[in-house]
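Have a look at the structure below, then the notes.
The values are calculated or read from the model by the stated rules, or taken from the named source; none is laboratory data. Here the structure is a predicted model, which means the values were calculated and not measured. In this analysis, Cβ positions are derived from the backbone assuming ideal geometry, glycine residues included, and neighbour counts consider all displayed protein chains.
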Amino acid sequence: LRSRLPAVGTTIFTRMSVLAAQHGAVNLGQGFPDFACDPALPQLVTDAMRDGHNQYPPMAGAAPLVDAIAAKVAALYGRSYHPALEITVTAGATQALTTAILCCVHPGDDVIVIEPAFDSYLPAIALAGGVAVPVSMKVGEHGYSIPWDQVAAAVTARTRLIIVNSPHNPTGSVLRRADIDALSDIVRGTDILILSDEVYEHMVYDGAPHQSVCRYPDLAERAFVVSSFGKTYHVTGWKIGYVAAPAALSKEFRKVHQYNVFTVNTPMQHGIARYMADPAPYLALPAFYQRKRDLFRASLAGSRFTLLPADGTYFQCVRYDAISALPEAQFAEWLTREAKVAAIPVSAFYSQPTESGIVRFCFAKQDETLHLALARLAKL
Ligand code: PMP
Ligand code: GLN
């Protein structure tokens, strides 16, 4: 078979999790919590099953869930999406991202991808026949930033889509108002669409607001906004998320969704809809994760790692040049084997070989897990 994705292998997340298990390492690589979700949530899903919510739901999502999503987005970001026409429930954010790309990118269209970038974007662009146009973030003393002049310079008549991700995996950076303004300037007067990956929307620290693109009408009118309940409710294995987009974009999104996924499992939709009636769980997330971030940073403050800013997500990036001159992938493997702590090399998030001497740790872990890993890291 002639591969549609010849360059694609097994994801770095899977490989590092396997290596961590082989070496009995603490797994701070792949991003997922090692603690349980609120027991009320699976109880509500069980209740939904017992109540008979076990057949196909409507194609775009069960009414109580799309209603709850629209109400939440309106309350938090001030944009009123029509629940029946503009919200679509997906099998995780990954499916939302791929479907959004497939529904709007034609063969030969350019898609601007800001790197480092989450690993699902490029294969989806390739499947659509699009051309990924990477623009690298700058990394300096104050962490990662997007060179908007370079994004602007990358725009051509073929540019169909710009993908943004805030809070950003893997760097932990977040879009600020100035970034939003720069993006708005770039797309104004064009027919460029925006795919905004906001799965870490509730993990923004130090009191900063989450700059959802849907807050800004000029951006929202051309944007697919993606989120994931897996991140928000500590259930990454549930694989359920959604896309919010204006009706015309949602209509095209659903054409692909309908014949790729058709519908997303019913009882979880009802269970999550009921759970969403209380905003407390997601409103508590910034403080919950900021405490873990601060614990992580305090423990490594005197170590030979250099901490980059961690303004959002549950990831902390570090430089390790005082410890090793190895390339990132080898350093991450060495760390897993020898120090017994797994990390993710940031080089895995670039389309071209790129070495920055930076690896990513996930701090979505119980304090005991973090203490164990941090004691090992602080000794290096
Ligand atoms: N986007 C980013 C930036 C992510 O980190 C993740 C989680 N791995 C996803 C999308 C995918 O989310 P989901 O697990 O809901 O498919
Ligand atoms: N989002 C998670 C991460 O960045 C992992 C997702 C995956 O394994 N595909 O670590």
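Observations, loosely collected:
- Residue in the stretch 150-162 that is closer than 21 Å to residue 317 by Cα and out of contact with any Pro (no Cβ under 8 Å at 6 or more places or on another chain) present: no
- Residue 307 meets the conditions (1) closer than 23 Å to residue 117 by Cβ; (2) in contact (Cβ under 8 Å) with a residue 40 or more places away in the chain in every case but one. The failed one is (2).
- From the options 280, 284, residue that is farther than 17 Å from residue 94 by Cβ, over 21 Å from the mean Cα position of the chain (by Cα) and at pLDDT 95 or above: 280
- Of all residues making up the stretch 7-29, the number that are aromatic (Phe, Trp, Tyr) and within 16 Å of residue 334 (Cβ to Cβ): 0
- Selection within the stretch 304-324 - closer than 16 Å to residue 356 by Cα, in contact with a helix residue (DSSP H, G or I) (Cβ under 9 Å, 6 or more places away or on another chain) and either within 16 Å of ligand 1 (Cβ to nearest atom) or not polar (S, T, N, Q) (or both): 305, 307, 316, 317, 318, 320, 323
- Filtered residues of the stretch 294-304 (kept if surrounded by fewer than 22 Cβ atoms within 10 Å (Cβ to Cβ) and either free of Cβ contacts under 8 Å to residues at least 60 places away in the same chain or in a helix (DSSP H, G or I) (or both)): 294, 295, 297, 298, 299, 300, 301
- The stretch 241-276 - residue that is small (Gly, Ala, Ser) and in a helix (DSSP H, G or I) and, of those, surrounded by the most Cβ atoms within 10 Å (Cβ to Cβ): 271
- Pairs where the first residue, in the stretch 3-28, is over 18 Å from residue 339 (Cα atoms) and part of a loop (DSSP other than H, G, I, E, B) and the second is among the charged types (D, E, K, R) and within 12 Å of ligand 2 (Cβ to nearest atom), C-beta under 6 Å, 6+ apart: 11/119
- Against the test of being assigned by TED's automatic domain parsing to the domain that holds residue 263, part of a loop (DSSP other than H, G, I, E, B), charged (D, E, K, R) and in contact (Cβ under 8 Å) with a residue 60 or more places away in the chain, the options 119, 67, 47 yield a single qualifying residue, 119.
- Tabulated pairs, the stretch 272-285, first in the same structural domain as residue 61 (by TED's automatic domain parsing) and over 16 Å from residue 230 (Cα atoms), second surrounded by 11 or more Cβ atoms within 10 Å (Cβ to Cβ) and basic (Lys, Arg), C-beta under 7 angstrom, 6+ apart or interchain: none
- Within the span defined as the stretch 212-234, one or more residues are farther than 15 Å from residue 92 by Cα, within 16 Å of ligand 1 (Cβ to nearest atom) and in a helix (DSSP H, G or I).
- Meets criteria (surrounded by 12 or more Cβ atoms within 10 Å (Cβ to Cβ), among the basic types (Lys, Arg) and out of contact with any Ser or Thr (no Cβ under 6 Å at 6 or more places or on another chain)) for residue 4: no
- All conditions but one from (1) closer than 27 Å to residue 109 by Cα; (2) more than 16 Å from ligand 2 (Cβ to nearest atom) apply to residue 204; the one that does not is (1).
- One residue stands out in the stretch 355-374 among those that are in a loop (DSSP other than H, G, I, E, B) and within 16 Å of ligand 2 (Cβ to nearest atom): the one that is farthest from the chain's Cα centre (by Cα), namely 365.
- Filter result for residue 107 (assigned to a loop (DSSP other than H, G, I, E, B) and away from ligand 2 (no atom under 16 Å from the Cβ)): yes
- Unique match (being outside any helix (DSSP H, G or I), surrounded by fewer than 22 Cβ atoms within 10 Å (Cβ to Cβ) and outside the structural domain of residue 142 (by TED's automatic domain parsing)) among 352, 316, 330: 352
- Meets criteria (acidic (Asp, Glu), without any contact (Cβ under 8 Å) to a residue 12 or more places away in the chain, away from ligand 1 (no atom under 13 Å from the Cβ) and surrounded by fewer than 24 Cβ atoms within 10 Å (Cβ to Cβ)) for residue 149: yes
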